[in-house]
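The values are calculated or read from the model by the stated rules, or taken from the named source; none is laboratory data. Just so you know, these numbers come straight off a predicted model, no measurement behind them. Note that each Cβ is placed from the backbone with ideal geometry, even for glycine, and that neighbours are counted across all protein chains shown. Quick note on the areas: whole protein, heavy atoms, side chains included, nothing else; ligands and nucleic acids left out. Shrake-Rupley method; radii C 1.70, N 1.55, O 1.52, S 1.80 Å.
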Amino acid sequence: MNDVVVGFIGFGLIGGSLAHALREQNPKHKLTAYCYNRNKVNAGLTKALQDGVLNDIVYELADLGECDLLFLCAPVLSNIAYLAQLKSILKPDCIITDVGSVKGNICKEAVALGLGSQFIGGHPMAGSEKTGYTNSSSRLLENAYYILTPTRETKDSITDTLFQLIKSLGSIPIILSPSEHDDITAAISHVPHIIASCLVNMVRKEDNEDKMKTLAAGGFKDITRIASSSPVMWQNICLTNTDSILRFLDKYIHSLNEVKESLQLNREAAIFDFFQDAGEYRDSIPNTSAGLLNKVYELYLDIIDETGAIATIATLLATNLISIKNIGIIHNREFEEGVLHIVFYSQNSCEAAASLLRKHNYTVYER
């Protein structure tokens with residue numbers, strides 16, 4: 001795409017990262033973001049304008065009428081609601097896309113409103129536990145799968161144009177039907193988030209003296225990390241991808257009941273196979289690209305219990321320009337090797353740190 005007018009409704013982590021990437025790709029693009037509240041300063045939009053990422057902030061949807069490409073980056077239900085308001089505003093050749101993690105509802109609504117020919121669903125499979133424009137970066141999209149879900153009426157030219165644009169931003173575009181996308185995300189993201197939250201709430205209700213919280217490290221914190229997500233976002237997801245979520249919840253409950261029965265009947269072989277099959281399949285999942293659940297770049301290492309041990313490691317990494325996201329001592333090492341846990345911002349930083357620490361004779365454990 002040459003010089004175009006690109007609009008954004010919703011400008012947080014994903015919208016901001018898309019804007020960063022578009023600005024780097026073509027400085028001549030005109031990037032405009034909509035602010036729904038004229039009476040309240042939006043710090044993210046103001047900073048993006050100061051950074052030169054945005055060219056303009058508008059307070060009326062009608063001011064998006066000249067857009068050649070419009071990204072809907074608000075919560076899922078809000079994106080759907082905006083479509084009806086945009087129908088009489090946007091040009092017939094404006095490409096409309098969204099970044100939500102549920103595709104069926106919004107694609108159906110676009111078709112129902114007569115916008116199906118110019119709408120194509122989008123879902124960048126990238127994110128972070130940090131939110132907002134201030135945490136956005138063009139690097140967030142690099143090597144991340146970016147799902148595109150054309151409606152049954154989407155023009156092939158629009159699909160091709162957005163496919164090439166997403167590819168040029170460093171992401172890996174994949175075309176799926178809306179229903180296939182929603183089934184996949186229900187299985188590998190939406191249901192796992194529900195399961196993680198259920199586990200946390202189970203412990204919360206049973207933890208009368210906070211003993212479980214004190215000892216909850218290692219494996220428990222690892223498998224429930226995704227429970228620390230936006231409740232508004234996940235409420236929207238559950239209310240819009242209900243059918244797929246219910247279908248895979250039923251499958252999960254059936255699997256739990258099978259395990260429960262194996263335990264009750266002391267079926268040794270079935271219990272062994274259950275864990276072996278799960279382990280083999282998990283080990284076959286590639287680590288070469290970003291997936292739907294946020295990846296953690298971490299390593300563990302053994303250190304001597306002496307004053308300044310952690311400071312020595314932190315200084316070693318800092319002097320080699322390796323940034324640390326988090327660092328701490330592991331008290332519950334039931335499922336971990338190494339007493340010190342270090343989290344990094346990227347795979348490259350993690351690998352560089354592991355190599356550097358080994359050169360200095362530290363014993364390092366990588367996942």
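Computed values, structure above
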{"item": "Folded to 0 to 90 degrees: helix 13-25 orientation relative to the chain principal axis, Cα", "result": "70 degrees"}
{"item": "Greater than 22 Å apart at Cα, pairs in 40/91; 103/155; 28/167; 30/155; 87/167; 87/108", "result": "40/91; 30/155; 87/167"}
{"item": "Kirkwood-based Rg to Rh ratio, the range 113-193, C-alpha trace", "result": "1.00"}
{"item": "Among 231, 92, 286: highest mean-square fluctuation, GNM of the chain, C-alpha pairs under 10 Å", "result": "286"}
{"item": "Angle between the chain longest axis and helix 76-86 axis [Cα atoms, degrees, rounded to 10]", "result": "10 degrees"}
{"item": "Local electrostatic count, residue 5, Cβ distance below 10 Å [Lys/Arg +1, Asp/Glu -1]", "result": "-2"}
{"item": "Portion, in percent, of the accessible area of the chain that falls on carbon or sulfur, probe 1.4 Å", "result": "52 percent"}
{"item": "P(r), alpha carbons of the chain - 20 Å bins starting at zero, rounded %", "result": "25, 51, 23, 1"}
{"item": "Probe 1.4 Å, accessible area per residue of the chain, Å²", "result": "55 Å²"}
{"item": "Between helix 191-206 and the chain: long-axis angle, C-alpha atoms, 0 to 90°, nearest 10", "result": "50 degrees"}
{"item": "Under 13 Å, Cβ to Cβ, from residue 18 - net charge with Lys/Arg +1 and Asp/Glu -1", "result": "-1"}
{"item": "Long-range Cα-Cα pairs in the range 61-162 (distance over 18 Å), rounded percent", "result": "47 percent"}
{"item": "Nearest-0.05 FRET efficiency for residue 271 and residue 60, computed from C-beta distance (R0 51 Å)", "result": "0.25"}
